[in-house]
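K.L.:
What follows is a structure written as structure tokens; I'll ask about it next.
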Amino acid sequence: MVSFFKSKSTEARRDLILHGPITNTLIMLSIPTLIMSLVQSLIPLMDGLFLNNIAGTIIASSVHFAEPIINMMTALSQGLGVAAMAIVGQYNGLGDLKNAKKISTQIVVIGALFGIAMGPTLYVVSILVSMNLLPDIKENVFRYLSLYSFVMPMTFLAALYNGIKNANGKPEATLIRSIILLLLKILFNFIYVYLLRLGIIGSVLASFSTYSIVTVWMYYDLFLKKGDDRLSLKDFKFDISVLKELMIIGIPSMLNTFLTNLGFFLINKEVERYGAAVLNGQGISNNIVNICFNFAAAFGSAVTTMVSMNIGAKYNDKARKSCYTGMIMSVITAIVLITIVIPLTPYLTGLFTKEVEDLYVANKSLPIYAFGVLGFGVAMVAQGAMIGLGRTRIPLIISILRIWLLRFIFIILTTKYLSYWSVFWGNLFSNTMAGIIALIIILRVPWVSVINLKTQNSAMLRARLFIDSLGAKLFPKNVGMRKDYIIKMREKLSKIKDPVKLVLFQEREMEKIEKLQEREERAKKREEMNKLKRAEWRMQLEEMKEIRQKMNEERRKYNEDRKKEKEDKKLKMKQEVQARREARHKLREERKLEKNKIKEEIMNLRNKNNKNDK
């Protein structure tokens, strides 16, 4: 186990993940993620402690109300981070580290641009959201969201950094980032919220200051720090085919995160009408139980890394076993956490506030929330395995079922009977059912990748070759231009008689000839480069053709094996049914014979008695 963290290179980590014991590897990948989950849970917990104890209930409930809206805006970065884990992880599994770094660079640049665009978008959203809120939290929600738009671009880079490092099998890098983030957040909250008493503005300033420092550190770690996974912006240009593959894999995850947080926002809207005390009590229990949720779900990202690398290396059975082992470990972790948190409920909630109404809601809701950790952990591990396979649409479906169908509709149907308690019971019901559904799906899904690892569209390559050949026919190169120009120049020279004009003309024309020569050399170099590109495109087309044929063959073989397996299973069941029928028939015959025998014995005995009587 120690050798895992001693190995610094991506290649060494890859070998350990592919060839090491499943349980040990999963633990080693999960330990940094578990600690990071604890750290990430402590970040909002620290915010809640500072705001509840210093700024008051109204400001704390306003921040709790605004958090799902911010998470909806960062859904794009979460989707790109998930795509990075799936695609980069499978490239690392193949051993193609060059393409892994290329796609990582594309993801970082695209994510940074989207993050910059999301800043103004959040400001517009803050105006729209705050229009229909209760007066006591309306102004605070608008202020928090509008100011947080300056933090938004930096949160995008943080999500992408996590995805890339996890795909490289280096979860300890994300752990270090999270620890730095937590320590800085506590420091700046102490300065802005406690010392300067800036309230909700201080909370945003703490986030801005923290993420500014962490962003500089992440840039250094990705682009400046020496190592085999160091990224480079040199000769960078956007690759449409990579962007397309990222969108195919990332959009379902973006929708997953967006719809999940939209559901949380609508649930908060339901709770908000009961007043700030209920909303803050829900926020307190959420902050505490999120530690349990994050711990149970931490195995999901480790399973994603193991599944993506093993699937990329064609170790399908090991990928499947990694998923099942992750589920067992998640369930054990959830049970341990539930047994610790529930007895400590009144002591934990008392750290946040002394308000009786807030504590009543928090103390009653926390145990209900806690039991939902079991199903949630199983669902997250199953989703992690799906992401590793590139099947990001299935987690989207599970998320829609969990938040919208199972929870939100449950809350609407039971509100008149359970009041605001329907929110907490809906959480338990939806998480448990989501875990059961995810388990059923993972047992039936084919363990094959759906990602095109060349990230190149064959139609696009053929279009490039066609345009290049068409351009060569329509716009032929002016070969021999310099030679023709020299002939024309000599004709002009023969007509000039004045020696001074002749010298000036010669100097001017020599400069033109040199420029023509340079232009011809550049044109030759371009033509050579184009020839190399055309050869590379043709080679890629051939490779893609071979890969497609191989994948089709593997898929055909897999389908045949499945079909044969089903037929064998059907035949076996048929034989078992037939055997049971024959056994039942035989048993009936034996019982019938036994009954007849008993009847005969009774008749004989009766006849014998009658004879004796006579």
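The values are calculated or read from the model by the stated rules, or taken from the named source; none is laboratory data. These figures come from a predicted structure and were not determined experimentally. Cβ sites come from the backbone with ideal geometry, for glycine too, and all protein chains shown count toward neighbours. Areas reflect the complete protein model, heavy atoms only, side chains present, ligands, DNA and RNA absent. Shrake-Rupley method; radii C 1.70, N 1.55, O 1.52, S 1.80 Å.
K.L.:
Regarding K574, is this residue at pLDDT 75 or above, farther than 30 Å from W447 by Cβ and assigned to a helix (DSSP H, G or I)? So that I can check it myself, show each step before the final result.
P.N.:
Values: at pLDDT 75 or above: yes; farther than 30 Å from W447 by Cβ: no; assigned to a helix (DSSP H, G or I): yes.
No: the conditions fail for K574.
K.L.:
Related question: Yes or no: N310 closer than 15 Å to P21 by Cα, within 21 Å of the chain's Cα centre (by Cα), assigned to a helix (DSSP H, G or I) and in contact (Cβ under 8 Å) with a residue 24 or more places away in the chain?
P.N.:
For N310, the condition - closer than 15 Å to P21 by Cα, within 21 Å of the chain's Cα centre (by Cα), assigned to a helix (DSSP H, G or I) and in contact (Cβ under 8 Å) with a residue 24 or more places away in the chain - is met.
K.L.:
What number goes with the only condition from (1) open to solvent by 10 Å² or more (accessible area, probe 1.4 Å); (2) within 28 Å of I200 (Cα to Cα) that L122 does not pass?
P.N.:
If we test L122 against (1) open to solvent by 10 Å² or more (accessible area, probe 1.4 Å); (2) within 28 Å of I200 (Cα to Cα), just (1) comes out false.
Okay, residues lined up against (1) touching a strand residue (DSSP E or B) at 6+ places or on another chain (Cβ under 9 Å); (2) at pLDDT 75 or above; (3) aliphatic (A, V, I, L, M); (4) closer than 19 Å to I403 by Cα:
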| position | (1), (2), (3), (4) |
| --- | --- |
| K237 | no, yes, no, no |
| G250 | no, no, no, no |
| N268 | no, no, no, yes |
| A277 | no, no, yes, no |
| G281 | no, yes, no, no |
| N287 | no, yes, no, yes |
| N294 | no, yes, no, yes |
| A302 | no, yes, yes, no |
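K.L.:
From the list F466, F424, F429, pick out the single residue that is under 22 Å from G283 (Cα atoms) and at pLDDT below 85.
P.N.:
Details: F466 fails: under 22 Å from G283 (Cα atoms); F429 fails: at pLDDT below 85.
From the options F466, F424, F429, the qualifying one is F424.
K.L.:
Among the candidates L396, L406, single out the residue that is part of a helix (DSSP H, G or I), open to solvent by less than 30 Å² (accessible area, probe 1.4 Å) and closer than 30 Å to N92 by Cα.
P.N.:
Result of the check over L396, L406: L396.
K.L.:
Name every residue in region 335-366 that is of a type in the set (F, W, Y), buried (at least 19 other Cβ atoms within 10 Å of the Cβ) and at pLDDT 80 or above, in order of residue number.
P.N.:
none
K.L.:
(1) buried (at least 24 other Cβ atoms within 10 Å of the Cβ); (2) more than 23 Å from M254 (Cβ to Cβ): which one isn't true of I58, the others all being true?
P.N.:
(1)
K.L.:
Follow-up. So, in region 202-235, exactly how many residues are among the aliphatic types (A, V, I, L, M) and open to solvent by less than 70 Å² (accessible area, probe 1.4 Å)?
P.N.:
Matching residues across region 202-235 total 7.
K.L.:
Something else about it: L401: open to solvent by 30 Å² or more (accessible area, probe 1.4 Å), farther than 30 Å from A86 by Cα and modelled with pLDDT of 80 or more, yes or no?
P.N.:
Numbers: open to solvent by 30 Å² or more (accessible area, probe 1.4 Å): yes; farther than 30 Å from A86 by Cα: no; modelled with pLDDT of 80 or more: yes.
Taking the combined requirement at face value, the residue does not satisfy it.
K.L.:
Which of the following residues is in a helix (DSSP H, G or I), touching a residue at least 24 places away in the same chain (Cβ under 8 Å) and open to solvent by 10 Å² or more (accessible area, probe 1.4 Å): V82, V88?
P.N.:
V82
K.L.:
Tell me, yes or no, whether region 422-433 has at least one residue that is of a type outside the set (A, V, I, L, M, F, W, C) and over 27 Å from the mean Cα position of the chain (by Cα). Show your work before the answer.
P.N.:
Narrowing region 422-433 to residues of a type outside the set (A, V, I, L, M, F, W, C): 422, 426-427, 430-432.
If we keep only those that are over 27 Å from the mean Cα position of the chain (by Cα) as well, we get 422.
Within region 422-433, one or more residues are of a type outside the set (A, V, I, L, M, F, W, C) and over 27 Å from the mean Cα position of the chain (by Cα).
K.L.:
Right, something else. Whether any residue in region 274-284 is in contact with a Gly (Cβ under 7 Å, 6 or more places away or on another chain) and either over 30 Å from R444 (Cα atoms) or open to solvent by less than 50 Å² (accessible area, probe 1.4 Å) (or both) is what I want to check.
P.N.:
Yes, region 274-284 contains a residue that is in contact with a Gly (Cβ under 7 Å, 6 or more places away or on another chain) and either over 30 Å from R444 (Cα atoms) or open to solvent by less than 50 Å² (accessible area, probe 1.4 Å) (or both).
K.L.:
Considering each residue of region 246-285, count those that are farther than 30 Å from K102 by Cβ and either part of a helix (DSSP H, G or I) or in contact with a Pro (Cβ under 6 Å, 6 or more places away or on another chain) (or both), and give that number.
P.N.:
Looking only at that region, the number is 24.
K.L.:
Looking at L187, L157, L145, which one is open to solvent by 20 Å² or more (accessible area, probe 1.4 Å) and either at pLDDT 85 or above or not hydrophobic (A, V, I, L, M, F, W, C) (or both)?
P.N.:
Residue meeting the stated conditions: L187.
K.L.:
Answer with yes or no whether L259 is aliphatic (A, V, I, L, M) and at pLDDT below 75.
P.N.:
yes
K.L.:
Being among the aliphatic types (A, V, I, L, M) and free of Cβ contacts under 8 Å to residues at least 60 places away in the same chain is the filter here; which residues of region 413-441 pass it?
P.N.:
Once the filter is applied, which keeps residues that are among the aliphatic types (A, V, I, L, M) and free of Cβ contacts under 8 Å to residues at least 60 places away in the same chain, region 413-441 yields L413, L418, M433, A434, I437, I440, I441.
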